[in-house]
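Structure first, then comments.
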Amino acid sequence: MSSRIEQIIEEIEEYVDSCKYQPLSTTKIVVNKEEIEELLRELRLKTPDEIKRYQKIISNKDAILEDAQVKADNLIADAQAKAQELVTQHEIMQKAYAQANETINAANKQAQEILDSATQDANSIRLSAITYTDDMMANIGAILSQTLDDAGGKYKAFIEALQTCLEVVNHNRQELAPQTAQAAAMSNSYHEEPEEADDTMLDDLGEN
């Protein structure tokens, strides 16, 4: 389902295509000032809403990471509880130490895998949202630039309105550029292998 801003862009394109050419010209067209200004007014109103929508998608990254951290913490706590239970069984003390270390190591590995996967998913969502928003802005900018070229000097007020929209779009794209680069860099950084768990975690406990 297309957004309202995309529908407005399509309406502008259809309106421009339906306009008649000026006499003795194949590039300049005659437009209805009130109709085009109404479309531009709605475009200016809807653009911030669309940006907030994709910012909300980006913010879901924090929720994904928080959920993954809770799962990882619970997994490690459960493993430590099981390890402590094994340690208290004196008749199988040595075996308990080995099993406890193995359980904690496996839990740490699984927790790290959960965090890595969640982080990659969150960054992928963030990068996709930023990329889509940037593409949308680029499309709007291209349409506005073309419309500016076609309108000519006769419609000064119309051109100034388009120029304002174009400046807002370009400014938003500039603000998104560092986030796009950062998101891409973060996505590539999660191919490293997780650090090995500390096998001596319970050795000190055994010595005590």
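Based on Cα positions only, what radius of gyration and what Dmax would you give for region 56-127, in angstroms?
Rg, Dmax (Cα atoms, Å): 16.5, 56.
Give me, ordered by chain and number, the residues 5 or more places off ILE29 or on other chains with an amide H under 5 Å from its own placed amide H.
Sorted by chain and number, the residues that satisfy this are GLN22.
Tabulate in residue order the Karplus-calculated ³J(HN,Hα) for region 12-25, using 6.51 cos²θ - 1.76 cosθ + 1.60 with θ = phi - 60°, rounded to whole Hz; enter x for Gly and Pro.
Each residue's phi maps through the Karplus curve to give 4, 4, 5, 5, 4, 5, 7, 6, 7, 6, 5, x, 6, 9 Hz.
Using a simple spin-label model with points 7 Å from Cα along the Cα→Cβ vector, what separation in nm is obtained for ALA106 and THR26?
Placing both labels 7 Å beyond Cα along the Cβ direction yields 7.7 nm.
Please list, in order along region 80-95, the HN-Hα scalar couplings obtained from phi with the Karplus expression 6.51 cos²θ - 1.76 cosθ + 1.60 (θ = phi - 60°), rounded to whole Hz, x for Gly and Pro.
5, 5, 5, 5, 5, 5, 5, 5, 6, 8, 4, 5, 10, 4, 5, 5
Using a 1.4 angstrom probe on heavy atoms only, work out the carbon and sulfur share of the accessible area of region 75-189 in %.
Values: 3290 of 6250 Å².
Answer for region 75-189 is 53 percent, counting heavy atoms of protein chains only.
Of the cross-linked pairs LYS56/LYS109; LYS46/LYS156; LYS56/LYS156, which ones have a Cα-Cα span greater than 27 Å in the structure shown? Don't jump to the answer; show the numbers that get you there.
Values: LYS56/LYS109 31 Å; LYS46/LYS156 23 Å; LYS56/LYS156 37 Å.
Flagged as over cut-off: LYS56/LYS109; LYS56/LYS156.
Roughly speaking, what is the stretch gain from ALA185 to GLU38, that is 0.36 nm per residue apart minus the C-alpha to C-alpha distance, in nm to one decimal? Numbers along the way, then the final one.
Numbers: separation 147, 0.36 × 147 = 52.92 nm, distance 4.13 nm.
Length gained between ALA185 and GLU38: 48.8 nm.
With θ taken as phi - 60° and the coefficients 6.51, -1.76 and 1.60, list the Karplus ³J(HN,Hα) couplings across region 31-42 in order, rounded to whole Hz; mark glycine and proline as x.
10, 8, 4, 5, 5, 5, 5, 5, 5, 5, 4, 5
Which length gain, in nm to one decimal place, applies between ILE76 and TYR15 when the Cα-Cα distance is subtracted from 0.36 nm times their residue separation?
Fully extending the segment from ILE76 to TYR15 adds 15.8 nm.
The values are calculated or read from the model by the stated rules, or taken from the named source; none is laboratory data. The shown structure was predicted, so the numbers you read here are calculated from the model rather than taken from an experiment. Glycine also receives a Cβ, built like all others from the backbone with ideal geometry; neighbour counts cover every protein chain displayed. Quick note on the areas: whole protein, heavy atoms, side chains included, nothing else; ligands and nucleic acids left out. Shrake-Rupley method; radii C 1.70, N 1.55, O 1.52, S 1.80 Å.
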